[in-house]
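**Q** Before I ask anything, here is the structure I am working with.
The values are calculated or read from the model by the stated rules, or taken from the named source; none is laboratory data. Treat the numbers as computed from the prediction; the structure is a model and nothing was measured. Cβ coordinates were reconstructed from backbone atoms using ideal geometry, including for glycine residues, and neighbour counts include every protein chain displayed. Accessible surface is based on the protein model in full, side chains and every heavy atom, while ligands, DNA and RNA are left aside. Shrake-Rupley method; radii C 1.70, N 1.55, O 1.52, S 1.80 Å.
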Amino acid sequence: MILVTGGLGYIGSHTCVALAQAGYRLIIVDNLCNSKPSVLGRIRELAPDATIEFRHADLRDRAALESVFAAHAIGAVVHFAGLKAVGESVEKPLLYWDNNVGGTIALLEAMQRHGVRRIVFSSSATVYGAPEYLPYREEHPLRPESPYGRTKLVIEQLLADQSGSDPDFRYTCLRYFNPIGAHPSGRIGEDPRGIPNNLFPYLTQVASGRLAKLRVFGNDYPTPDGTGVRDYIHVMDLAAGHVTALRYLEERERSITANLGTGSGLSVLQVVTAFARLIGREVPYEFVSRRAGDIAAFWADASLAARELGWRAELGLDDMCRDAWRWQTQNPDGYA
Ligand code: NAD
Ligand code: UD1
């Protein structure tokens, strides 16, 4: 059985469907601090024949975690649970260190007690910090610029230390670039609380009339059209990447840290234009000043994942736009 922490969240829910469809039995642990209970029903609906159990618990609740490990024969962990808002992490660093690092330590202790030695971890491209060169390769210097990013880096180091102490402990750190899109059914997708911080959920909410106008943060960056460039990756490709990473841990006697991106960058204006074309109407936007802390451009060198894991992103911007729009129109208020 696979323990999926944070499995009711955005990336976790899509990955649970992919894992279940690949034949894995799942136990999800989530404290619902950034997700809704109804996600579970949607996951089960998309994988009706699978065993998908759920435990409402916080990773830092050691007694609850112990009872999950005691009650299930867990073979490996896919670890999504964490807080992820960069701005909030600057305001509340203790919360981020406690939740992300403290939660991971509690998880690793329970794994150790129960002899579980395989983990796939959600890291982020944010561990690189300001680019010294692009695309980022995995050996690029690691200088995250926010408390959130530093918790991700420290967890990567913790996993390396743990495997140093136990040669049979193996991990994959997956450094995600910018995940967007939704399951093609329109049943699961991204449901941010309040006004979205990230480009894509903001854009779909402007298109649906929930928000008035997209603010494009900066049009004077040293990029082809002056707007920020990112490596947007379809969440279904990302989900497939986790299935591949888990198989790698089962089959290969080593750990790996790999970028999960498409390998190419798209500007804010390219995304807005593609999205407007796809939905058949203009999306109102205006240029405003740069957002503090933003990097002009970054994208992945995705060749290590291709070479070592045999994984590549297959879906393109039109798929991301179409699937995000289907999710938005079918669920205008997100999950009930
Ligand atoms: P999300 O907030 O939708 O999902 C995280 C889930 O973890 C939520 O359901 C939340 O309720 C749960 N959770 C948080 N703390 C917990 C705790 N202490 N105990 C139990 N459950 C807890 O976020 P997401 O976008 O799906 O991201 C998943 C992971 O991927 C996170 O670790 C995030 O840092 C990382 N990541 C996300 C992105 C992105 O752009 N979405 C990019 C890079 C990395
Ligand atoms: C954010 C996080 C980063 C995380 C990444 C992946 C911050 C500072 N960084 O990065 O840690 O790993 O998401 O999800 O939050 N944009 C607009 N208008 C908007 C929103 C965004 O123009 O309303 C622009 C941004 O300036 C940027 C691009 O769109 O150029 C993408 O922004 P966003 O979706 O927030 O992702 P990142 O900034 O890459």
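**Q** State, to one decimal in nm, how far the label point of E45 lies from the label point of W97, with both points 7 Å from Cα in the Cβ direction.
**A** For the pair E45/W97, the computed spacing is 4.3 nm.
**Q** Per the Kirkwood definition applied to all pairs of different Cα atoms, how many angstroms is the hydrodynamic radius of the chain?
**A** Details: mean 1/r = 0.0494 Å⁻¹.
When all Cα pairs of the chain are included, the Kirkwood radius is 20.3 Å.
**Q** Further question on the same structure: Which residue, chosen from L134, L108, Q157, occupies the Cα position most advanced towards the positive end of the dipole of segment 86-161, where the dipole is computed from +1 (Lys, Arg) and -1 (Asp, Glu) charges on Cβ about the Cα centre?
**A** L108
**Q** What ranking, highest mean first, results for peptides 217-224, 78-85 when packing means the other Cβ atoms within 10 Å averaged over each residue?
**A** Values: 217-224: 14.9, 78-85: 23.6.
In decreasing order of mean packing, 217-224, 78-85 become 78-85, 217-224.
**Q** Applying 1/(1 + (r/R0)^6) with R0 = 25 Å to the Cβ-Cβ distance of E139 and E251, what FRET efficiency is obtained, to the nearest 0.05? Don't skip to the end; give the middle numbers.
**A** Numbers: r = 24 Å, r/R0 = 0.97.
With R0 = 25 Å, the Cβ-Cβ based efficiency is 0.55.
**Q** Further question: Accessible area per residue, 1.4 Å probe, Å², for segment 131-255: what's the number? Write down the numbers at each step before the final one.
**A** On the way: 5220 Å² over 125 residues.
Per residue, segment 131-255 has 42 Å² of solvent-accessible surface.
**Q** Stretched out fully, how many nm does the piece from D220 to R25 gain, at 0.36 nm a residue minus the Cα gap?
**A** Working: separation 195, 0.36 × 195 = 70.20 nm, distance 4.92 nm.
Net length gain for the segment: 65.3 nm.
**Q** Follow-up. Evaluate the charge dipole of segment 200-254 about its Cα centre and quote only its size in Debye, nearest 20, assuming +1 on the Cβ of each Lys and Arg and -1 on the Cβ of each Asp and Glu. Please list the in-between numbers first.
**A** Working: 7 positive and 7 negative charges, 61 e Å.
Dipole size: approximately 300 debye.
**Q** A follow-up question, please. If you take every DSSP beta bridge fully contained in the chain, what fraction is antiparallel? Give it as a percent rounded to 5. If you can, show how the numbers build up before the last one.
**A** Values: 2 of 39 bridges.
Close to 5 percent.
**Q** Taking H as built 1.01 Å from N, whose amide H comes closer than 5 Å to the amide H of V78, not counting residues under 5 places away?
**A** For V78, the qualifying residues are L3, V4, T5, V120.
**Q** Quote to one decimal, in nm, the extra length available between V154 and A73 on full extension: 0.36 nm per residue of separation minus the C-alpha distance between them. List each step's numbers first, then the result.
**A** On the way: separation 81, 0.36 × 81 = 29.16 nm, distance 2.82 nm.
Contour length minus the Cα-Cα distance gives 26.3 nm.
**Q** Here is a further query. DSSP loop (so not H, G, I, E, B), at most 12 other Cβ within 10 Å: list which trypsin sites (Lys or Arg not before Pro) in segment 152-220 pass both filters. Mind showing how you got there, number by number?
**A** On the way: sites: K152, R170, R175, R187, R193, R210, K213, R215; in loops: R187, R193, R210, K213.
Passing sites in segment 152-220 are R193, K213.
**Q** Please determine, in degrees from 0 to 90 and to the nearest 10, the orientation of helix 103-113 with respect to the longest principal axis defined by the Cα atoms of the chain, where the helix direction is its Cα long axis.
**A** Long axis of 103-113 versus the principal axis of the chain: about 30 degrees.
**Q** A further question on this structure: Among 116-127, 45-56, 100-111, how do they line up from the highest to the lowest mean number of other beta-carbon atoms within 10 Å?
**A** Ranked by mean Cβ neighbours within 10 Å, highest first: 116-127, 100-111, 45-56.
**Q** Where the centre of each part is set by its Cα atoms, how far does segment 201-260 sit from segment 62-112, in angstrom?
**A** 23
**Q** Once label points are set 7 Å from the Cα along Cα→Cβ at both K213 and H114, what is their separation, rounded to one decimal in nm?
**A** For K213 paired with H114, the spin-label model returns 5.3 nm.
**Q** I've got another one for you. Let me know the charge dipole size of the chain about its Cα centre in debye, to the nearest 20, where only the beta-carbon of Lys, Arg (+1) and Asp, Glu (-1) is charged.
**A** Details: 35 positive and 38 negative charges, 90 e Å.
For this selection, approximately 440 debye.
**Q** Share of segment 112-240's accessible area from carbon and sulfur, percent, 1.4 Å?
**A** Answer for segment 112-240 is 47 percent, counting heavy atoms of protein chains only.
**Q** Estimate the FRET efficiency between N198 and E53 by the formula 1/(1 + (r/R0)^6), using the beta-carbon distance for r and 30 Å for R0, to the nearest 0.05. Please list the in-between numbers first.
**A** Details: r = 30 Å, r/R0 = 1.02.
Once rounded, the FRET efficiency stands at 0.50.
**Q** Would you mind calculating the gained length between R277 and R307 on full extension (0.36 nm times residue separation, minus the Cα-Cα distance), in nm to one decimal?
**A** Details: separation 30, 0.36 × 30 = 10.80 nm, distance 3.47 nm.
Gain in length upon complete extension: 7.3 nm.
**Q** Considering only protein heavy atoms, what per residue accessible area in square angstrom results for segment 17-65 with a 1.4 angstrom probe? Walk me through the numbers before you get to the answer.
**A** Values: 2310 Å² over 49 residues.
Per residue, segment 17-65 has an accessible area of 47 Å².
**Q** Using only the alpha-carbon atoms, how far is helix 147-165 inclined from the longest principal axis of the chain? Give it as 0 to 90 degrees, nearest 10.
**A** Long axis of 147-165 versus the principal axis of the chain: about 30 degrees.
**Q** As an exercise, identify the GluC sites (Glu not before Pro) in segment 194-262 lying in DSSP coil whose Cβ has no more than 12 other Cβ atoms within 10 Å. Please list the in-between numbers first.
**A** On the way: sites: E250, E251, E253; in loops: E253.
Filter output for segment 194-262: E253.
**Q** Also, I was wondering about something else. Do the sum for the chain: with -39,500 (n - 2.57) for every DSSP H run of n ≥ 4, divided by all residues, what is the mean residue ellipticity at 222 nm, to the nearest 500 deg cm²/dmol? Could the numbers behind the result be given before it?
**A** On the way: 11 runs with 123 residues, N = 336.
Roughly -11000 deg cm²/dmol at 222 nm, from the helical runs in the chain.
**Q** Suppose all protein chains stay in the model; what accessible area per residue would a 1.4 Å probe give for segment 75-126, in Å²? All intermediate terms of the calculation are to be shown ahead of the outcome.
**A** On the way: 2080 Å² over 52 residues.
Normalised by residue count, the accessible surface of segment 75-126 is 40 Å².
**Q** Under unit Cβ charges (Lys, Arg +1; Asp, Glu -1), what dipole magnitude, rounded to 20 debye, does segment 36-128 have relative to its Cα centre? Can you show the working numbers first?
**A** Details: 11 positive and 10 negative charges, 29 e Å.
For this selection, approximately 140 debye.
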